[in-house]
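A.B. asks: My questions all concern the structure below.
The values are calculated or read from the model by the stated rules, or taken from the named source; none is laboratory data. Just so it is clear, the model here is predicted, and its values are computed rather than measured. All Cβ positions, glycine included, derive from the backbone under ideal geometry; neighbour counts span all protein chains shown.
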Amino acid sequence: MSDKKLDFDFRERLNKISGGSHHNYCYQCGSCVAICPAARFNEDFNPRDILLKTLLGKKEELIGENSIIWKCTNCYSCYERCPQDVRPIEVIIALKNICREDGVLPETVDKFSETISQTGRSVVVNPTVNRRRSSLGLPELQNVPVDDIKKMLE
């Protein structure tokens, strides 16, 4: 018999994050896996398995910079397909938020977040971008009000 116990503290923490409590409704039907593009192209990614681990309180397998949750494409297909309104993508986003709170983000995500907080954009806009936009008849990109974004994030 296993000496592992359910981590109810982790489950409660997940329940308190927006979208996190929906994992409680999952009855493991597999509809999310059937429609998931990440599962189709990555044999290790399985939203049903992620939800089972949340139900079992397996924090150590879900929270971390190398967690499988980072393979999710955020396509929302699972959200639309789920017959129980589990909203697997929202549960996965809640797990990502826990990773952020615990400071265990993949380096690429951390750099991406830093770029957004500093520039208001996910990519750096350089003169080449605006020249290309001009050649397509598009206006130049304007500066983003970064101070307003920082106020919202506080």
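A.B. asks: Return the only residue of Lys71, Lys58 being charged (D, E, K, R) and more than 16 Å from the chain's Cα centre (by Cα).
C.D. replies: Only one candidate qualifies: Lys58.
A.B. asks: Report, by residue number, each residue of the range 31-54 that is part of a loop (DSSP other than H, G, I, E, B) and either of a type in the set (A, V, I, L, M, F, W, C) or surrounded by 15 or more Cβ atoms within 10 Å (Cβ to Cβ) (or both).
C.D. replies: Cys36, Phe45, Asn46, listed by residue number.
A.B. asks: Sort out which residues of the range 82-114 are crowded, with 17+ Cβ neighbours inside 10 Å and in a helix (DSSP H, G or I), and write them in order of number.
C.D. replies: Of everything in the range 82-114, those that are crowded, with 17+ Cβ neighbours inside 10 Å and in a helix (DSSP H, G or I) turn out to be Pro88, Ile89, Glu90, Val91, Ile92, Ile93, Ala94, Leu95, Lys96, Ile98, Cys99.
A.B. asks: Tell me, yes or no, whether the range 78-89 has at least one residue that is touching a helix residue (DSSP H, G or I) at 6+ places or on another chain (Cβ under 9 Å) and among the hydroxyl-bearing types (Ser, Thr, Tyr).
C.D. replies: yes
A.B. asks: Consider only pairs whose beta carbons are under 9 Å apart and that are at least six residues apart or on different chains; among these, list those whose first residue lies in the range 37-59 and is outside the structural domain of His22 (by TED's automatic domain parsing) and whose second residue is in a helix (DSSP H, G or I).
C.D. replies: none
A.B. asks: For the range 118-127, how many residues meet the condition of being in a helix (DSSP H, G or I) and loosely packed, with under 12 Cβ neighbours inside 10 Å?
C.D. replies: Looking only at that region, the number is 1.
A.B. asks: Still on this structure, I have one more. Do any residues in the range 126-142 that are under 17 Å from Thr115 (Cβ atoms) have Cβ atoms under 6 Å from those of residues that are part of a loop (DSSP other than H, G, I, E, B), where the two are at least six apart or on different chains, and which pairs are they?
C.D. replies: Every condition considered, the pairs that remain are Leu141/Val125.
A.B. asks: All but one of (1) under 27 Å from Glu154 (Cα atoms); (2) at pLDDT 95 or above hold for Gly120; state the number of the condition that does not hold.
C.D. replies: Result: Gly120 fails condition (2) only.
Listed here are the residues, each with its yes/no results for (1) under 26 Å from Asp110 (Cα atoms); (2) of a type in the set (A, V, I, L, M).
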{"residue": "Phe10", "(1), (2)": "yes, no"}
{"residue": "Lys16", "(1), (2)": "yes, no"}
{"residue": "Cys26", "(1), (2)": "no, no"}
{"residue": "Val33", "(1), (2)": "no, yes"}
{"residue": "Glu43", "(1), (2)": "yes, no"}
{"residue": "Pro47", "(1), (2)": "yes, no"}
{"residue": "Lys53", "(1), (2)": "yes, no"}
{"residue": "Cys82", "(1), (2)": "no, no"}
{"residue": "Ile93", "(1), (2)": "yes, yes"}
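A.B. asks: Right, another one. Filtering the range 132-154 down to residues that are surrounded by fewer than 11 Cβ atoms within 10 Å (Cβ to Cβ) and either in a helix (DSSP H, G or I) or at positive phi (or both), which residue is modelled with the lowest pLDDT?
C.D. replies: Leu153
A.B. asks: Among the candidates Ser77, Ser67, which residue alone is closer than 19 Å to Ser113 by Cβ and buried (at least 17 other Cβ atoms within 10 Å of the Cβ)?
C.D. replies: Ser67
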